[in-house]
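For reference, the structure is listed below as structure tokens.
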Amino acid sequence: MNKVYEIKGKSKINGTINMQGSKNSSLAIIVASILCKDVVMLKNIPKIQDVYELIEILKKINVKVSFIDNSLLIDSTNIKYTSLLFKQIIRFRASYYFIGAFLSLFKKVEIYMPGGCKIGKRPMDQHIKAFNELNVNINIDNNKIIASTTSLVGNEIVFDVVSVGATVNAILASVFANNSTILKNVACEPEISDLIEFLNKMGAKIIGKGTSVLYIEGVNKLNGITYEVMPDRIVTGTYLIYGALLAKKLTIKNINSKDNYSLINTLINLGTQMDIKEHEITIYGLKEFEKANIKTDVFPSFPSDLQQIMTTFLFMGKQISLVEETLFENRFGFLKQIKKMGGKFFIYDNKVLIIPSLLKNSIVSCEDLRGGAALLLACMASDGTSILKNVEYIERGYEDIVNVLKSINVDIKETMMYEA
Ligand code: EPZ
């Protein structure tokens, strides 16, 4: 028996959503919090599977954790070095942030290779480059990473590729390094700025937040604080796209509208009516729209994480749309499922031509987190009742999504399906 969602199509979204905290910022900040070997209180942490996996790992390294509502108390006073060879490590991508944190805390780490959505090759060469240039010896055998250093020595590191993960790992490994580090060509995603804000409040010295160059002066100690994590800009974008297609009226509160300017611009160009405030947006669904041409890129361009959901949206256009995915090599996999619903498209290289299609109900399976959120939109938009399988992917990043969608008038329920 497996948990599935049963969704009655032609949803008429109407209501208000309070936005959850950011998955991708929370995961980086939770790992960064152990650097202070003190007590940290984090607010606005989403109740999602990736956070629960991270909590299980913290417990195994003698960190005390309590998670009540969306407040996470982390006491790393008695943190203990342990080889990070646990099954939780391979269940998601952000577990590899322990490499940077353990090098700063213990000057060594042994950890399984991380997991994460199969959306491309997802190499770690930029992480390895940064660690090598910080005086770390690092080896990867087939499924394990072993790294150590006599002392972390600050350096000037120029990334060849803009990488969120490599930027986070380089920051975590630099905060205590001898002398200072300059990181160039870093990721400028808002989640990176949130991490820098958090670390500086703990006593780190990082200059350049929001730019592609960071200057990090090594310090000796960080102190425990209370910190509120930023709203989730990808979940915000997800519900904005849902609303643009299916809402009579949808209000999304507790957001940072500025984090979604690229999507907002795309929706405005399609003719979408929105009341936009700094921390709240009300969106009114489109009666019809022509088409859009989307090209994903690093922040502040259109985010790769919203590409799959936007691609699904574009099947409802009156004309052919074009989507180009420049970050990941395999982020169109979910379209196999859209094809089962009657979606017509042509993929060539990293582009897809989307032919206007009437999607019909079907039984479809999630294969990754954001592709799952895209299939959920297809089920809500199609005729008839659909079944969505492997919904655990969606629950890795979207807090309480069934009840959130029920609260805005979507006919969705969780049920169990037996498959012979
Ligand atoms: C983070 O993944 C996010 N995950 C992803 O969100 C997001 O899609 C991605 O950043 C881009 O914004 C988390 O924050 C936990 P990257 P990450 O390193 O760090 C190449 C979601 O749905 N690259 O910025 O793995 C890589 O192949 C997830 O929430 C190298 O070439 O992404 C990719 O083409 C999915 N060498 C590009 O950079 C490296 O050493 C961007 O990857 C590292 C990356």
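The values are calculated or read from the model by the stated rules, or taken from the named source; none is laboratory data. As the structure is a prediction and not an experimental result, all values here were calculated from the model. No Cβ is skipped: glycine too gets one built from the backbone with ideal geometry, and neighbour counts run over all protein chains shown. Ligands, DNA and RNA are excluded from the accessible area calculation, which covers all protein heavy atoms including side chains. Shrake-Rupley method; radii C 1.70, N 1.55, O 1.52, S 1.80 Å.
Things to note:
- Some residue of the range 371-386 being buried (at least 18 other Cβ atoms within 10 Å of the Cβ), hydroxyl-bearing (Ser, Thr, Tyr) and within 18 Å of LYS8 (Cα to Cα): yes
- Which numbered condition LYS47 misses (of (1) among the charged types (D, E, K, R); (2) touching a helix residue (DSSP H, G or I) at 6+ places or on another chain (Cβ under 9 Å); (3) assigned to a loop (DSSP other than H, G, I, E, B)): (2)
- Which numbered condition GLY317 misses (of (1) assigned to a loop (DSSP other than H, G, I, E, B); (2) open to solvent by 80 Å² or more (accessible area, probe 1.4 Å); (3) more than 28 Å from ASP160 (Cβ to Cβ)): (2)
- Tally of residues being more than 10 Å from the ligand (Cβ to nearest atom) and open to solvent by 30 Å² or more (accessible area, probe 1.4 Å) across the range 298-311: 2
- Residue pairs whose Cβ atoms lie under 7 Å apart, sitting 6 or more positions apart in sequence or on different chains, and linking a residue in the range 326-343 that is crowded, with 21+ Cβ neighbours inside 10 Å to a partner that is modelled with pLDDT under 95 and of a type in the set (A, V, I, L, M), are ARG331/ILE119.
- Residue list for the range 73-124, filter: more than 25 Å from VAL229 (Cβ to Cβ) and not in a loop (DSSP other than H, G, I, E, B): LYS87, PHE106, LYS108, GLU110, TYR112
- The requirement of being away from the ligand (no atom under 16 Å from the Cβ) and modelled with pLDDT under 95 is fulfilled somewhere in the range 66-79, by at least one residue.
- Count - residues of the range 24-60 that are open to solvent by 20 Å² or more (accessible area, probe 1.4 Å) and touching a residue at least 60 places away in the same chain (Cβ under 8 Å): 9
- Residues of the range 159-200 classified as in contact with a helix residue (DSSP H, G or I) (Cβ under 7 Å, 6 or more places away or on another chain), within 13 Å of the ligand (Cβ to nearest atom), open to solvent by less than 40 Å² (accessible area, probe 1.4 Å) and not in a helix (DSSP H, G or I), total: 5
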